[in-house]
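What follows draws every value from the coordinates through simple rules; no lab data is involved. Model, not experiment: these values are computed from the prediction. Please note: Cβ atoms are built from the backbone with ideal geometry, for glycine as well, and neighbour counts cover all protein chains shown.
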Amino acid sequence: MKLTLKNIRRSPYQALAAIMVTSLTLFIISMFIFISMASQVVLNHFETKPQIIAYLKDDHTQEQANQLINVITAKTNVQDALYISKDQALEIYKQSVGNDPLLLGSVTELGLVTAEILPASIEVTAKTPKDFDSIVEVLSASELVSITPQGQKEIDFPKDIIGELTRWTQAIRTAGIVLISALSLTSILTIMIIISLKISSRRMEIGTLKLLGAKQLFVLKPYVQESIIYGLFGAVIGWLFSYIALLYSTPFLSQRLGGIITFPIPFLIVLIPLGLLIIFSLILSLISSFWAVLRFLKR
């Protein structure tokens, strides 16, 4: 280890270049991990909400609603289907508007909002957005579902929102994988070139050690350790900058995602990317150093 640190002090600019390139790579990877985790939480939040709401006619019975739920469950791929009565709809409405007297109707000419003016409904949660069409088809065929003045079945479902979130999540993952692959290759090549240059510059010293009976592992181990040090420093620095970026963006994100993601994010969750970065940096370092060592051994 003393020899490894000595080699780093001999060429500080090369070491700085290796650490900077590795830090940039691992910073991008850390941000990608944070973004991927957040996008998955947001997608799961919307996917687990009742995605399809069919409003029922006033003259229906609960037995008819239960029969419709059984038909939906039997014919489609649903995660959950729930009947919401008029009284339950009123409670949900009150919870959503709070104590606002205007929204509750107590200061309007229409009088108080009562259960009689709210429709009963069936709320269906699909397992995947691909199941929306089949569920809506079954609901549209039912005589129990009310009809709008335009002659359409009164069914609400945010198909475009879920589909758009799914496409964005997939696009982020694809772009992240491509960017990470390119930066990882750049880091491997940079560290490999630096280690190769150091080995070549000490060819006479290495030759002397081998003449004195030193084994190849003993001779080349300091360069492998040097590569690992670059990787570990890069992992810590990259994670630290991503964590600072996360802290600075927390006020902005909490205003928009506060109801979906808990802010501030628990520190134990933030440590997950650090562990992944350390593992990934060790892999990069070992690949880089062994590649450089193999090139030297072949010569």
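How long are the three semi-axes of the equivalent ellipsoid for the chain, computed from the Cα gyration tensor as the root of 5 times each eigenvalue, in whole Å, largest first?
Working through the eigenvalues yields semi-axes of 64, 21, 13 Å.
Any number yet on Rg/Rh for region 169-230, C-alpha, Kirkwood?
My calculation of the ratio gives 1.26.
Considering the Cα positions of region 1-47, please state its Rg to one decimal place and its Dmax as a whole number of Å.
18.5, 56
Nearest 0.05, what FRET efficiency do Ala245 and Leu185 give at R0 = 35 Å with Cβ-Cβ as r?
0.90
For the pairs Lys86/Lys127; Lys2/Lys215; Lys6/Lys221; Lys57/Lys130; Lys94/Lys153, flag any whose C-alpha to C-alpha distance is greater than 21 Å.
Exceeds cut-off: Lys86/Lys127; Lys57/Lys130; Lys94/Lys153.
For Tyr93 and Thr169, what is the calculated FRET efficiency with R₀ set at 45 Å and r taken between the beta-carbons, to the nearest 0.05?
Efficiency at R0 = 45 Å is approximately 0.90.
To the nearest 0.05, what FRET efficiency results for Gln40 and Thr61 with a Förster distance of 45 Å applied to their C-beta separation?
E between Gln40 and Thr61, to the nearest 0.05, is 0.65.
Report the full-extension gain for the segment Leu294 to Ile260: residue separation times 0.36 nm, less the Cα-Cα distance, to one decimal in nm.
Separation in residues times 0.36 nm, less the Cα-Cα distance, equals 7.2 nm.
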